[in-house]
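Structure incoming, see below.
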Amino acid sequence: RLRKILTLVFVREPGKILLGLKKRGFGCGLWNGFGGKVEKNETILQGAKRELVEECGIQADVLERIGLINFEFENDPVILEVHVFQTFHYIGDPVETEEMKPEWYKDGEIPFNQMWPDDKYWFPYMLQKRKFEAYFLFKGMDTILDYWIKESLND
Ligand SMILES: CN1CCN(c2cc(NC3CC3)nc(N)n2)CC1
């Protein structure tokens, strides 16, 4: 199977979460965490930190790994392996970039209807600081054909 390793980072405050409105490319028009591809010369963690700085100007020295999600798409051999991180300890204020428009949302007011359809299934684990693993099988970009999600311990 072909795997594409991606990162997804959420910046947290007590009761609030930072989301970015994707301004172009994959997931354009949706609110999400910050992230992207992992370069050959960096670890997944380094890639996550780099994307956070590039996409909203925030430096997170401490990133906690909280989830691993595998996405499969019908009739597509590429599996997206998304490594999810969060941080409560960071430096800087979020700034809008060409990629992302950052906004703070209250944990109870997350705009799931303007986010990827899978988010409503795994966000509750993240918001409750429970580590998780998940799998989603998509038909196109809007329909979830099958999924599972389970609480996981450390690696
Ligand atoms: C740079 N990456 C792109 C993929 N990504 C996804 C994907 C996703 N669902 C998949 C059906 C697309 N759901 C969230 N929340 N994020 C994280 C950021």
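Each reported figure results from applying straightforward, stated rules to the coordinates on display, with no laboratory input. Being a predicted model, the structure only gives us computed values, none of them experimental. Neighbour counts run over all protein chains shown; Cβ positions are idealised from the backbone, glycine included.
On a full-extension model of 0.36 nm per residue, what is the gain between Trp104 and Leu137, subtracting their alpha-carbon distance, rounded to one decimal in nm?
Net length gain for the segment: 8.9 nm.
Just to be sure I follow: if Rg is taken over the C-alpha atoms of the stretch 86-155 and Rh is the Kirkwood radius over the same atoms, what is Rg/Rh? Before the final figure, lay out the partial values.
Working: Rg = 14.6 Å, Rh = 14.6 Å.
With Rg and the Kirkwood Rh in hand, the quotient comes to 1.01.
Limiting things to C-alpha atoms, what are the Rg and the maximum Cα-Cα separation (Dmax) for the chain, in angstroms?
14.6, 42
Quick one: net charge of Tyr105's neighbours, Cβ under 13 Å, K/R +1, D/E -1?
-1
How many angstrom lie between the Cα centre of the stretch 94-155 and the Cα centre of the stretch 16-41?
Value for the Cα centre distance between the two parts: 12 Å.
Right, something else. Number of Lys pairs in the stretch 1-133 with C-alpha atoms less than 17 angstrom apart, excluding same-chain neighbours closer than eight positions?
Value for the stretch 1-133: 16.
Here's a follow-up. Considering every Cα-Cα pair within the stretch 1-87, what fraction, in whole percent, is farther apart than 16 Å?
Values: 2036 of 3741 pairs.
Of the Cα pairs, 54 percent sit more than 16 Å apart.
How much length would be gained if the chain were fully extended between Lys4 and Asn70, taking 0.36 nm per residue of separation minus their Cα-Cα distance, in nm to one decimal? Don't skip to the answer; put the middle values down first.
Numbers: separation 66, 0.36 × 66 = 23.76 nm, distance 0.97 nm.
Gain on extension, Lys4 to Asn70, equals 22.8 nm.
Which residue, chosen from Asn75, Gly29, Gln59, occupies the Cα position most advanced towards the positive end of the dipole of the stretch 1-84, where the dipole is computed from +1 (Lys, Arg) and -1 (Asp, Glu) charges on Cβ about the Cα centre?
Of the listed residues, the answer is Gly29.
Whole-Hz Karplus ³J(HN,Hα) for the stretch 30-45, in order, using 6.51 cos²θ - 1.76 cosθ + 1.60 and θ = phi - 60°, x for Gly and Pro?
10, 7, 7, x, 9, x, x, 7, 9, 6, 5, 8, 9, 7, 4, 5
Turning to a different aspect of this structure: For a quick check: sort Ile79, Ile91, Ile17 by the number of other beta carbons within 10 angstrom, fewest at the front.
By the 10 Å Cβ count, ascending: Ile91, Ile79, Ile17.
For Asp61, Asp119, which order do you get if you count the other beta carbons within 10 Å of each Cβ and list the fewest first?
Going from least to most buried by this count: Asp61, Asp119.
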